[in-house]
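Here is the structure we will look at.
The values are calculated or read from the model by the stated rules, or taken from the named source; none is laboratory data. Since the model is a prediction, treat every value here as computed from it, not as a measurement. Here the Cβ is made from the backbone with ideal geometry for all residues, glycine too, and neighbour counts use every protein chain on show. With ligands, DNA and RNA removed, areas are computed over all heavy atoms of the protein, side chains included. Shrake-Rupley method; radii C 1.70, N 1.55, O 1.52, S 1.80 Å.
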Amino acid sequence: GVDGAIHRAAGPKLLEECKKLNGCKTGETKITKGYNLKAKYVIHTVGPIYGKESGKESEILSRCYSNCLKLENENKLKSIAFPAISTGAYRYPKEKAARVGISTILNEILFHSESIHEIRFVLLDKDSFNIYKNVMNERFS
């Protein structure tokens, strides 16, 4: 998935640094250098496994986005890119995930973010792209 692609592109030093972080709990975030990536940093988060969080999946997923933006702000980064968190192996329905992610991000940038200039969604397939596009269009129409 996305995690494996990032690790392959960043090179072995990313894995070495990640091992020193002692894992990352669901909903939490940690930051590392980007190594061989164009990005200077990687913000890591663990999304919820859909159907395995006692009905708290949307709350946990929202926390993933909020905590990523918090780290972005604390580290005075100017941009951030998000995949469709938890929609792959963790089976979170794409449209539900898009609604949670977009709502959370809009709330965070309106009320809490001080430094962000650019937010991107990096989506791996046309279906995901269309879902996120439609949810964004709903929010801004």
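Can you confirm whether N73 is polar (S, T, N, Q), in contact with a Gly (Cβ under 8 Å, 6 or more places away or on another chain) and more than 25 Å from D125 (Cβ to Cβ)?
Answer is no for this residue.
If you go through region 1-26 and keep only what is farther than 23 Å from L124 by Cα, open to solvent by 60 Å² or more (accessible area, probe 1.4 Å) and outside any helix (DSSP H, G or I), you end up with N22, K25. Please indicate, with yes or no, whether at least one residue in region 37-57 is farther than 24 Å from I102 by Cβ, in contact with a Leu (Cβ under 6 Å, 6 or more places away or on another chain) and at pLDDT 95 or above. No, the conditions are met nowhere in region 37-57.
Counting the residues of region 30-49 that are polar (S, T, N, Q) and within 12 Å of F82 (Cα to Cα) gives 1.
Have a look at F129, F82 and point out the one that is at pLDDT 95 or above and under 18 Å from G34 (Cα atoms).
On inspection, the qualifying residue turns out to be F82.
Look at (1) open to solvent by 30 Å² or more (accessible area, probe 1.4 Å); (2) on the phi > 0 side of the Ramachandran plot and you find that E74 fails only one, number (2).
Which of the residues spanning region 17-32 are modelled with pLDDT of 95 or more and more than 18 Å from G4 (Cβ to Cβ)? Result: K20, K25, T26, G27, E28, T29, I31. In the set (1) of a type in the set (V, I, T); (2) modelled with pLDDT under 90; (3) open to solvent by less than 60 Å² (accessible area, probe 1.4 Å), I109 fails one condition alone, (3).
Do we find that S115 is out of contact with any Asp or Glu (no Cβ under 7 Å at 6 or more places or on another chain), within 26 Å of R139 (Cα to Cα), open to solvent by 50 Å² or more (accessible area, probe 1.4 Å) and hydroxyl-bearing (S, T, Y) in this structure?
Working: out of contact with any Asp or Glu (no Cβ under 7 Å at 6 or more places or on another chain): yes; within 26 Å of R139 (Cα to Cα): yes; open to solvent by 50 Å² or more (accessible area, probe 1.4 Å): no; hydroxyl-bearing (S, T, Y): yes.
Judged against the criteria, S115 is not a match.
Does region 85-93 include one or more residues that are touching a Ser or Thr at 6+ places or on another chain (Cβ under 9 Å) and open to solvent by 60 Å² or more (accessible area, probe 1.4 Å)? Taking every residue of region 85-93 in turn, none turns out to be touching a Ser or Thr at 6+ places or on another chain (Cβ under 9 Å) and open to solvent by 60 Å² or more (accessible area, probe 1.4 Å).
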